[in-house]
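Everything on this sheet refers to the single structure shown next.
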Amino acid sequence: MDIQTGQVVRGLGAMESLEQQLGCPICLDMFTKPVVILPCQHNLCRGCANDLYESKNPYHYSGGTFRCPTCRFEVVLDRHGVYGLQRNLLVENIIDMYKQQQESKGGVAEDPPLKDKDAKEPKCKEHEDERINIYCVSCQTPTCSMCKVFGEHKDCEVSPLHAVYQSQKAELRAAVERLAAANGHVQAAVAQTDDACKRIQENGELQRRRLGESFDLLYATLEERKGQLLERVDREEEGKLAALRSLKEQHQQQLQLSSRLQEKLELNMQTSGAAEFLLAAKQLQEEARQAVRGAQLQGPEPGYESLDHLSLDTQGAEVLLASMDFRKGGEENK
């Protein structure tokens, strides 16, 4: 049971749920025909919509803007204002069917609009024959006139129920508008966040592509330098090989000359007589001395075959590559 009204509170049935769906977001009551539909597909009483439109557009003879109180979607209206909006005949027919069904049951909706003066009012729980028609400001609860005169609220400050209803209804309407405006800000923030996420993804793809291009350039530079250094190694190697091949050829020639001279000397000693041998001995000894001197050719100096002086020192480059990083803020414009 509701303490303020004395009514039994129960869960919403199908008809009560339907009645809530047929409520105007401006006046918070069931739609009053004609019902207009906005481009955002939200419905409003045309009278409520017109009041809100005229309050925001006092000089609307050539048209103006209208913001939906539910979703904050802005509609541009022509000189006809809200009267130029299309009527929602489907909602109006549903309202008619709903009212006919309520009348066929022999009653009205449990929560009839207070603007209908002939609507059924809840009764006071203390005075069953008295309608709740005033509002106790001190106790913040609806009550009846008998409670004010003779009952527990006789010393309290009271106000007309309808006046308090209109006041609180206006406050609630303002709260709805603030909530709708806040929702608009949240939706804008969500859209801004989505846009920022999209830009971040696009910038990430751009930076990945730039990074790949930079490393490809480094690879190309390293490959070019590698080719240049390999050419130097090849030249050094071919030069030393050519020098050693020339020295080897000289040694082989000297070896052949020494072998022939040795054979000649041995043959002379074996076949010549004493006089013949002595006549040729001096010449043969001179040839032998020259052959010995020729056999004293020097070989390559120690370490000649080493190519260590062509070793590459990459430590500095490795440190530089390892410390390579993105530019810090502000360096890009320097």
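Quick look at the numbers
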{"quantity": "Karplus-derived HN-Hα couplings along region 199-206 (A = 6.51, B = -1.76, C = 1.60, θ = phi - 60°), whole Hz, x at Gly and Pro", "calculated": "5, 4, 5, 5, 5, x, 5, 4"}
{"quantity": "Options ASN203, ASN183, TYR219, ranked by Cα towards positive dipole end of region 175-302, top entry (Cβ charges)", "calculated": "TYR219"}
{"quantity": "Point-charge dipole on Cβ atoms (K/R +1, D/E -1) for region 204-334, about Cα centre, debye to 20", "calculated": "220"}
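Read the figures in this text as sums done on the coordinates, not as results from a lab. Bear in mind the structure is a predicted one, so any value in this text is a computation, not a measurement. Ideal geometry is used to build each Cβ from the backbone, glycine not excepted, and the neighbour counts take in all protein chains shown.
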